[in-house]
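Laboratory data are not the source of any read-out in this text; all were calculated from the coordinates shown. Here the structure is a predicted model, which is why all the values come from computation and not from measurement. Positions of Cβ are generated from backbone atoms using ideal geometry, with glycine treated the same way; all protein chains shown enter the neighbour counts.
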Amino acid sequence: MEAKVSIIMGSTSDLEVMEKAAKILDEFEIPFEINALSAHRTPEEVERFTKSAKDRGVQVIIAGAGMAAHLPGVIASMTPLPVIGVPIKASLDGMDALLAIVQMPPGIPVATVAINGAQNAGILAIQMMALGDAALMERLVAYKSDLKEKIVKANQDLSEVKYKFKTN
């Protein structure tokens with residue numbers, strides 16, 4: 001089985017956040033790899049990984065990083081593959097990571113999700129791959145429909161909750 005998505009984190013301390021991307025990819029049966037690589041501590045390994053990703057069959061890279069959060073941008077600078085950045089809340093409520101990831105120079109885009117938003121990063125990767133995969137697109141449409149049904153059911157359940165001054 002060849003990985004189609006690569007999940008990269010700056011440190012294994014980010015796993016609690018980044019495993020949410022792994023879980024959604026697993027749910028969709030998308031083969032993925034998961035590694036810890038640091039733009040600051042292992043730059044040579046980051047370069048080797050990034051430059052070989054496309055040839056290894058990777059289609060999308062999800063990169064999570066906290067604080068200075070250079071990892072997604074460094075990866076994006078070395079590959080034609082789409083890179084999705086996940087800012088990790090490590091300090092400053094994650095705002096430092098968010099700003100570091102979204103402030104990329106022209107020509108080096110990094111799609112960025114919410115702070116600790118690895119699940120949405122996984123879904124965005126699936127959406128990108130589904131553009132060229134009709135069966136995956138069908139599963140994605142069904143997934144989104146299920147999300148809608150969960151909210152409809154939640155509102156039905158809320159209608160049963162009684163309060164003295166509740167009007168609905």
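Observations
- Nitroxide proxy distance, nm - points 7 Å out along Cα→Cβ at residue 151 and residue 168: 1.2
- Using θ = phi - 60° and Karplus 6.51 cos²θ - 1.76 cosθ + 1.60, couplings along segment 84-97 (whole Hz; Gly, Pro as x): 10, x, 10, x, 9, 6, 10, 8, 6, 6, x, 5, 4, 5
- Stretching the chain fully between residue 41 and residue 95 yields a gain of 17.2 nm (0.36 nm per residue, less the alpha carbon separation).
- Exposed-site-free run, longest, the chain (rule: trypsin sites (Lys or Arg not before Pro); DSSP loop; at most 13 other C-beta within 10 Å): 57-161
- Karplus 3J(HN,Hα) series, Hz, for segment 54-63 with 6.51 cos²θ - 1.76 cosθ + 1.60 (x for Gly, Pro): 4, 5, 8, x, 5, 10, 9, 10, 10, 10
- Taking only the C-alpha atoms of segment 30-72, Rg followed by Dmax gives 10.8, 30 Å.
- Under 5 Å between amide hydrogens, built in the peptide plane, is the criterion, and for residue 9 it picks out 35, 36, 37, 64 among residues at least 5 positions away or on other chains.
- With contacts taken as Cα pairs under 8 Å and at least 6 residues apart, the chain reaches a relative contact order of 21 percent.
- Dimensions (Å) - the chain, Cα atoms, principal axes, largest first: 63, 41, 30
- Only one residue of 71, 30, 136 has its Cα farthest out toward the positive end of the dipole of the chain, where Lys and Arg carry +1 and Asp and Glu -1 on Cβ, and that residue is 136.
- Viscosity 0.692 mPa s, temperature 37 °C, Stokes-Einstein D of segment 86-135 from Kirkwood C-alpha radius, µm²/s: 273
- Length released on extending from residue 158 to residue 139, taking residue separation times 0.36 nm less the Cα-Cα span: 4.0 nm
- With respect to the chain, whose longest principal axis is taken over its alpha-carbon atoms, helix 43-53 is tilted by about 70°.
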